[in-house]
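Below: one structure, written as structure tokens.
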Amino acid sequence: MIFLSLLIICGFNGWPIIGQSFLNAILRTEYTALTQISSSLIRLTVSLLLIYLGYGFVGLMMGYVVAGLTTSILMLAFPINILKKLGARFSISLESIKDSVEAGIVTWIPNLLTLIGQWVGVLGLFSMIGVVETGLYFVAFTMTSVIMSIPQSILILSFPSISGMGNGRKKAMSRTVKISTSLMAPIAFFLILYPSTIPEFLGRTYVGASDLIRILSLGYLVSPINAGYIYYAYAIGNYRDVLIAGLAGTIPRLLLYPFMISLHEDVGAAITFSMGNITTLLMVVICAQRKNYGLQFKQYLKIIIIPIGISTMLMFFKIDWIIGLVSLSTSYIIYGRLRIITKEDLREIGESLISKEILEKLYPYLRPLLLIIYGS
């Protein structure tokens, strides 16, 4: 109850969502990006540090509390500062309220079910198996979701810009999915190949979470494709497909959790969660064909084949994880040299996430990195 109260006080309520929606609506997504990245990194850092220091569950929950507090402060401070500069006044529009409810209800239902689908696995393990298995799954799920949330945030942050386009939404979303996948793939394959790296840092107690991290990371590999179509459908007002895709991932999870947990315990919970991403993909393929939306599977395969090849060599020669991390990081250079990810892709994505003025200020600092990636 103490932790629940802290989570509520520290921002797990309405105003961070309102602040983010406001920033997205006026296309100041650089503030949303800063908040999301800061919150994810703080949650991961605080949780891992306190667990390493021996605080266990308390340390893990404090990571959530501090991250929630960070989100609340930033999502309150940024909009207030902008509104003061704009000298804004507020009014009520019944038509706007109607549009908001219509657009919101189709995401509220699958989002609610998605949260249920995520946490039923934890609750099912606790009630059916035991505390140890529940803790290992919770740690694995938290680590994997936080690490994967950083590349996935590109899709979320680019949505307002794509939604406001009159033409070119498909091309813009395809580019966003490509960038998100290229960022995620080397990270995912590192976790698949070296799943025990982070648990070993925390202590021998958590090494049992290694297989769970591997399974969950495999499931995340298709998430950019799923999210890309869902955000595209939402941008064009096709709320039916948004709802269908959301339900396609959640309902199978809810049905399979009891069966898989009883048979395979925490591994069964991880498999079930990852299978939800696969069932979502199957529904996305069907919906995308009806809307003539190309999912660009060839492009997706080009991106993931590179870390797959590197991972295969690392596994064959049994290379240490530090060299493995460096080797998989070279995937980003290969993407640039083969022009799988072009400078134009980066520029377009950059301008959709942050203002052109800020991007120009950042360019001198990013230029050395671009020279390494592209060679010119």
Report task. Answer yes or no: is there a residue in region 142-158 that is in contact with a Ser or Thr (Cβ under 8 Å, 6 or more places away or on another chain), modelled with pLDDT of 85 or more and among the β-branched types (V, I, T). Result -> yes
Report summary line: Counted residues in region 58-102 being loosely packed, with under 14 Cβ neighbours inside 10 Å and of a type outside the set (A, V, I, L, M) come to 14
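Of all residues in region 238-281 being without any contact (Cβ under 8 Å) to a residue 40 or more places away in the chain and surrounded by fewer than 15 Cβ atoms within 10 Å (Cβ to Cβ), which is nearest to T144 (Cα to Cα)? Walk me through it before giving the result.
The first filter runs over region 238-281 and keeps only residues without any contact (Cβ under 8 Å) to a residue 40 or more places away in the chain, leaving 248, 252, 255-256, 259-260, 263-264, 268, 279.
So of that shortlist, the ones also surrounded by fewer than 15 Cβ atoms within 10 Å (Cβ to Cβ) come out as 255, 259, 263-264.
Values: L255: 23, F259: 23, L263: 23, H264: 20 Å.
Ranking the candidates gives H264 first.
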**Report entry** Single residue of region 224-237 satisfying the filter (of a type in the set (S, T, Y) and crowded, with 23+ Cβ neighbours inside 10 Å) that is modelled with the lowest pLDDT
**Finding:** Y232
**Report entry** The one condition in (1) free of Cβ contacts under 8 Å to residues at least 60 places away in the same chain; (2) farther than 30 Å from I51 by Cβ that K170 fails to fulfil
**Finding:** (1)
Query raised in the report: Any idea how many residues of region 237-260 are out of contact with any Cys (no Cβ under 6 Å at 6 or more places or on another chain), under 13 Å from A227 (Cα atoms) and among the charged types (D, E, K, R)?
Result: 0
Query raised in the report: Which number in (1) modelled with pLDDT of 90 or more; (2) closer than 24 Å to S217 by Cβ marks the one condition that G246 misses?
Result: (1)
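Look through L115, L123 and report the one residue that is at pLDDT 80 or above and closer than 26 Å to S217 by Cβ. Can you show your working first?
Values: L115 fails: at pLDDT 80 or above.
Among L115, L123, only L123 is at pLDDT 80 or above and closer than 26 Å to S217 by Cβ.
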Query raised in the report: Going through region 254-292 one residue at a time, which ones are of a type in the set (D, E, K, R) and on the phi < 0 side of the Ramachandran plot?
Result: D266, R290, K291
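Kindly evaluate E360 against the criterion of being surrounded by 17 or more Cβ atoms within 10 Å (Cβ to Cβ) and assigned to a helix (DSSP H, G or I).
Numbers: surrounded by 17 or more Cβ atoms within 10 Å (Cβ to Cβ): no; assigned to a helix (DSSP H, G or I): yes.
No, not satisfied.
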Report task. Determine if region 290-298 includes at least one residue that is assigned to a helix (DSSP H, G or I), small (G, A, S) and either more than 18 Å from the chain's Cα centre (by Cα) or buried (at least 19 other Cβ atoms within 10 Å of the Cβ) (or both). Result -> no
Requested in this report: Enumerate the pairs (first residue in region 347-376 and at pLDDT 85 or above; second residue anywhere and surrounded by 13 or more Cβ atoms within 10 Å (Cβ to Cβ) and not small (G, A, S)) with beta-carbon separation below 6 Å, excluding pairs fewer than 6 apart on the same chain, so at least 6 apart or on different chains.
Outcome: I373/I333
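Report yes if I340 is outside any helix (DSSP H, G or I) and touching a residue at least 60 places away in the same chain (Cβ under 8 Å), otherwise no.
Values: outside any helix (DSSP H, G or I): yes; touching a residue at least 60 places away in the same chain (Cβ under 8 Å): yes.
Considered against the rule, which asks whether it is outside any helix (DSSP H, G or I) and touching a residue at least 60 places away in the same chain (Cβ under 8 Å), I340 comes out as yes.
Condition first: over 26 Å from M173 (Cβ atoms), of a type outside the set (F, W, Y) and either within 22 Å of the chain's Cα centre (by Cα) or in a loop (DSSP other than H, G, I, E, B) (or both). Can you find one or more residues in region 236-243 that meet it?
Our first condition is that a residue be over 26 Å from M173 (Cβ atoms); within region 236-243, this holds for none.
No, that holds for no residue.
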Requested in this report: Look through L48, L69, L86 and report the one residue that is under 26 Å from G19 (Cβ atoms) and either touching a strand residue (DSSP E or B) at 6+ places or on another chain (Cβ under 7 Å) or in contact (Cβ under 8 Å) with a residue 40 or more places away in the chain (or both).
Outcome: L69
Report task. Could you check, for region 100-111, whether at least one of its residues is at pLDDT 80 or above and of a type outside the set (S, T, N, Q)? Result -> no
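Considering only residues that are crowded, with 19+ Cβ neighbours inside 10 Å and among the polar types (S, T, N, Q), which ones fall in region 299-316? Spell out the reasoning first.
Step one: list which residues in region 299-316 are crowded, with 19+ Cβ neighbours inside 10 Å, which gives 300, 303-304, 306-307, 310-311, 314.
Across region 299-316, the qualifying residue is only S311.
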Query raised in the report: Taking region 22-57, which residues are more than 26 Å from I162 (Cα to Cα), among the small types (G, A, S) and surrounded by fewer than 18 Cβ atoms within 10 Å (Cβ to Cβ)?
Result: G54, G56
Query - Residue in region 336-343 that is modelled with pLDDT under 95, over 23 Å from the mean Cα position of the chain (by Cα) and among the aliphatic types (A, V, I, L, M) present - result: yes
Requested in this report: Quick one: I187 ticks every box in (1) in contact with a Ser or Thr (Cβ under 9 Å, 6 or more places away or on another chain); (2) modelled with pLDDT under 90 except a single one, so which number is it?
Outcome: (2)
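The values are calculated or read from the model by the stated rules, or taken from the named source; none is laboratory data. Being a predicted model, the structure only gives us computed values, none of them experimental. Every residue, glycine among them, receives a Cβ derived from its backbone with ideal geometry; neighbour counts consider all protein chains shown.
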